[in-house]
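Only one structure is covered here, and it is reproduced in the block below.
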Amino acid sequence: MGRPDPEEGQLPAPVKPPDGGWGWIVLFGCFVITGFSYAFPKAVSVYFKELMKDFHVGYSDTAWISSIMLAMLYGTGPVCSIMVNQFGCRPVMLIGGLLASAGMILASFTTNIIELYLTAGVLTGLGMALNFQPSLIMLGTYFDKRRPLANGLAAAGSPVFLSSLSPLGQVLLEKFGWRGGFLIMGGLLLNCCTCGAVMRPLDMGMKRKMGKAQDKYEAKEMLPIGGKSEEGISTTDGTKKAKKSKKKPKKGKKLLDFSIFSNRGFIIYTISKFILVLGLFVPPILLVNYAKDTGVPDTEAAFLLSIIGFIDIFARPACGMVAGLKWVRPHVAYLFSFSMLFNGLTDICSARASNYTGLVIFCVFFGISYGMVGALQFEVLMAIVGSQKFSSAIGLVLLIEAFAVLIGPPSAGRLVDALKNYEVIFYLAGSEVVLSALFLAVASYCCLNRGKKKEPPSENNPSAGGGSDTEEAESDVQEAEEHSSDNHQPAHSTDNAMVAANEEANHVAEEQSGEGSGCPTGDGEVLARDGCNADQTVERDSF
């Protein structure tokens, strides 16, 4: 027996996102998963000094642990997409939570740095990747009108967990050593399984609420009226099979949908995101060393990252609320472009900061702009490709970003070693972010707006950014109701003769059995025709 469509990672078109209810539980799970995915690779850096002493390796060797985690998080995007489309979000997340936890637990028993790469790096990184991507997909299926706010709240998990896991890791290191710390961290990662368990697909009850006509049609199969039931079942079964055969091509899913590359909006977004990632992560990585070189004490230099994280916590939900406003959401791509421009100009303007006050001001503005980028990046992608193709789109985008992550920060580090000048690096990183912002804004305005003018007014361009999946769902529901009402008519025509012949006999049999005043237990509009009160039928349907 096949599984229902919601279990396959992508929801059927008629299902309308509830924008609340159990969706808030899903949002909290996504908040936790996002926090672990982005903060954990940075939080393990507190163990690097102890690892250097035990394994007699350098800092660059231990830094590869975090790099491998991030590479797995980004580079395995297509693999996650294939697994989600094949098995569904919940099973993939449960497996991912077990892998992430097992990786850290096994890492606590390692005896050399290579084993750490394979356990804490590859295994844990793969587990977090299998959690991160499905959680975003589920968030997009549960929220539509409130999706910008939901994305902003979920993205806030990154700074919250970063400010929590780093101090916790330091406490565990002091009390239990790095092996005990890794073991306890592995236990914490089991919470990813809990988050995966709450990611239940939208049940079929929601589909029934949105398609009452289809419910009435299916209820006729249960009607117990002698020979009529057999003929009705055969007729309705034939109609149902024909209906399924018509919809079969629509429900068929590819393991990885490459057709999204025909979407100009997706191409523009991907190119812009690649340029953005080249420079986005460089300033926070080099900030502490830059501050130390300007004469700032170590403790105050480390506090600069805390300032960015604290501002980031509030910037992401606030930006999500702004993006959800009626007059802003249709232009969310331009808001995303503005946030990137803001971030790039912040890098460029702070390149000459030579004292601690200037660096604090930079951290405040960088935290605001960085939070805006983090809150909008996946919202823009969902608006461009829609929820049905989001699982494939995010996998391909993360794979492309993986190359930028492996190029940007390492190249910046080599330039610092060669030039001994951080100012040039900040100029370069800021210029890359500004270039990505200008490219997204200009390309969206020129290419997408011209394409919309050429199209007939009745057609909606999904790449315009800001389209609602609810409208598509409602139109599909209306179409389904029309089909179901059309399918009712043949069954009615074949049943009318049988009803006329058997009506008297059934009525007499009911009176003799003492049940003539009752109503049969069947559902649907046919019961009103056979002696039930129409009010009772309506009440049953509404229930």
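The values are calculated or read from the model by the stated rules, or taken from the named source; none is laboratory data. Fair warning: this is a prediction, and the values are worked out from it, not measured in the lab. Here Cβ is always computed from backbone atoms with ideal geometry, including for glycine, and neighbour counts include all displayed protein chains. To get the accessible areas, we keep the full protein, side chains included, count just its heavy atoms, and leave off ligands, DNA and RNA. Shrake-Rupley method; radii C 1.70, N 1.55, O 1.52, S 1.80 Å.
Looking at this model, which pairs from Lys49/Lys292; Lys42/Lys420; Lys42/Lys389; Lys49/Lys175; Lys273/Lys326; Lys273/Lys389 are more than 22 angstrom apart at the alpha-carbon?
Details: Lys49/Lys292 19 Å; Lys42/Lys420 25 Å; Lys42/Lys389 31 Å; Lys49/Lys175 15 Å; Lys273/Lys326 25 Å; Lys273/Lys389 18 Å.
In this structure, Lys42/Lys420; Lys42/Lys389; Lys273/Lys326 exceed 22 Å between Cα atoms.
Within region 278-309, list the residues whose amide N lies under 18 Å from a label point set 7 Å along Cα→Cβ of Arg352.
It comes to 294, nothing else.
Using alpha carbon centroids, what distance separates region 289-358 and region 253-275, in Å?
28 Å
For region 377-448, which whole-number percentage of the solvent-accessible area (1.4 Å probe, protein heavy atoms only) is attributable to carbon and sulfur atoms?
On the way: 2000 of 2820 Å².
Whole-percent figure for carbon plus sulfur exposure: 71.
With a ≥ b ≥ c the root eigenvalues of the C-alpha gyration tensor of region 17-221, is it rounded (a/c under 1.5), prolate (a/b larger than b/c) or oblate?
On the way: a/c = 2.94, a/b = 2.36, b/c = 1.25.
Here region 17-221 falls in the prolate category.
In nm, to one decimal, how far is the Cys447 label point from the Asn289 one, both placed 7 Å along Cα→Cβ?
Those two pseudo-labels are separated by 3.6 nm.
Just the accessible area per residue of region 332-414, please: how many Å² with a 1.4 Å probe?
Working: 2740 Å² over 83 residues.
Here the residues of region 332-414 average 33 Å² of exposed surface.
Which percent of the accessible area of region 54-183 is formed by carbon and sulfur heavy atoms (probe 1.4 angstrom)?
Values: 3330 of 4670 Å².
The nonpolar share, carbon plus sulfur, comes to 71 percent.
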